[in-house]
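Computed from the coordinates by the stated procedures, all read-outs in this text should not be read as laboratory data. Keep in mind that what you see is a predicted model, and the values were worked out from it rather than measured. Heads up, the Cβs are rebuilt from the backbone with ideal geometry, glycines too, and the neighbour counts pull from every protein chain shown.
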Amino acid sequence: MAIQSSILEKELPVFLAQHPEVILRGLPRALEKHPELKGKLYTILSKEYARKDEVKDEIKEILAEMRASREESARQFKAEREERDRKLEAQREELDRKLEAQRETEREDLDRKLEAQEKELDRKLEAQKEAERAHREELDRKLEAQKEELDRKLEAQRETEREELDRKLEAEKEERDRQFKADREEFKSYREAIEKRFDAVDRRFDSVDRRFDSVDRRFDSIDIQIKEVKASIGSLGNRSGIHLEETILSIFEKQLEWKNIDARNVRGLTIMDEEGKVFGVPKVPIQIDMYISNGTHFLFEIKYAFKPQDVYLFIKKANFVDEQLAIKSKRFVLGLEISSKVKEIAESLGVEVISRKGKGEKS
């Protein structure tokens with residue numbers, strides 16, 4: 001046994017170094033069979049671990065030296081960083097001073113430039129205002145000249161229309177006087193015939209009633225003609241046309257009643273055209289006739305006779321009134337003489353026409 005233990009003590013390390021796999025396979029079983037090997041194995045391993053402890057101590061010394069070196073490096077780095085920060089702070093202060101001086105110089109230069117630009121802008125604005133003032137004065141002068149020219153043309157047109165209307169009214173008045181005289185003579189003959197046949201009244205009472213009905217219709221017609229003559233006379237005696245309009249309204253009172261319009265409550269309306277939308281000249285009063293019923297607005301143009309341009313002008317005036325009052329109106333033209341052409345134009349533009357007869361047409 002002693003010999004075997006000696007061999008094991010000498011040869012085991014060499015064997016194990018050459019054959020490490022033997023340890024994994026056989027060592028557990030060998031220790032079970034030979035417990036005394038445990039002490040030898042412990043002795044060998046203790047020597048090996050003692051050497052490792054020495055290595056650990058050396059490592060600890062190296063680590064301590066490294067720690068001390070690192071702390072020294074940290075102190076040196078901190079000192080260098082503080083010195084660098086101090087230098088950087090000094091450089092930053094110097095840079096701030098230079099930048100502030102540069103900004104001050106740039107500010108002063110910018111202030112000078114802005115002041116020069118402001119003076120130049122003031123000069124240009126003053127020149128522009130002067131040019132606009134001259135342009136406005138020239139425009140006002142041209143508008144005033146256009147307004148005077150328009151007034152002259154309108155006055156000439158009105159004068160021509162008045163003269164034409166006067167001639168027509170005079171001719172119609174003579175014709176109506178002649179017809180009225182003839183009707184009166186005819187009525188006188190009827191009355192004389194009735195007086196002669198008074199005794200036969202009872203027998204022919206129905207026939208007489210029919211003839212009196214015919215006479216009444218004739219007198220109604222004569223009454224309308226008299227009103228038309230009054231309208232003619234009114235247009236001659238009153239340049240504003242107010243009496244003419246009232247007379248024409250009374251002539252068409254029944255037709256207007258059928259359309260739920262009370263002719264007696266048709267009123268004149270005047271709105272100032274500040275921008276010249278109707279005649280192209282500002283600050284011109286726009287006159288039109290209006291009737292309001294149950295929230296519905298009716299606009300009228302009332303004349304003895306109409307030309308196409310009268311209808312077009314009425315449309316412009318009605319559109320202007322609708323825009324100013326924010327309404328949607330129904331539109332009518334009333335005239336004693338309205339030609340079929342004028343009627344066709346008016347109706348195509350949404351305007352209702354009320355007339356006794358067309359110009360040149362038979363009643």
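At a Förster distance of 30 Å, what's the computed FRET efficiency of ARG136 paired with GLN287, Cβ-Cβ distance as r, to 0.05?
Numbers: r = 29 Å, r/R0 = 0.97.
It comes to 0.55.
Extending each Cα 7 Å along its Cβ direction at SER250 and GLN146, get the distance between those two points in nm, one decimal.
4.3 nm
If r is the Cβ-Cβ distance from TYR312 to ALA182 and R0 is 45 Å, what FRET efficiency results, to the nearest 0.05?
Efficiency computed from Cβ-Cβ geometry: 0.65.
With the crude spin-label approximation of a point 7 Å out along Cα→Cβ, what separation in nm comes out for ASP57 versus GLU83?
4.1 nm
Scale the Cα Rg of the range 240-363 by the rule-of-thumb value 2.2 N^0.38 Å and send over the ratio, two decimals.
Values: Rg = 14.2 Å, N = 124, 2.2 N^0.38 = 13.7 Å.
Compactness ratio reported: 1.03.
What is the distance, in nm, between label points placed 7 Å from the Cα along the Cα-to-Cβ direction at GLN128 and at LEU95?
Once both label points are built, they end up 4.4 nm from each other.
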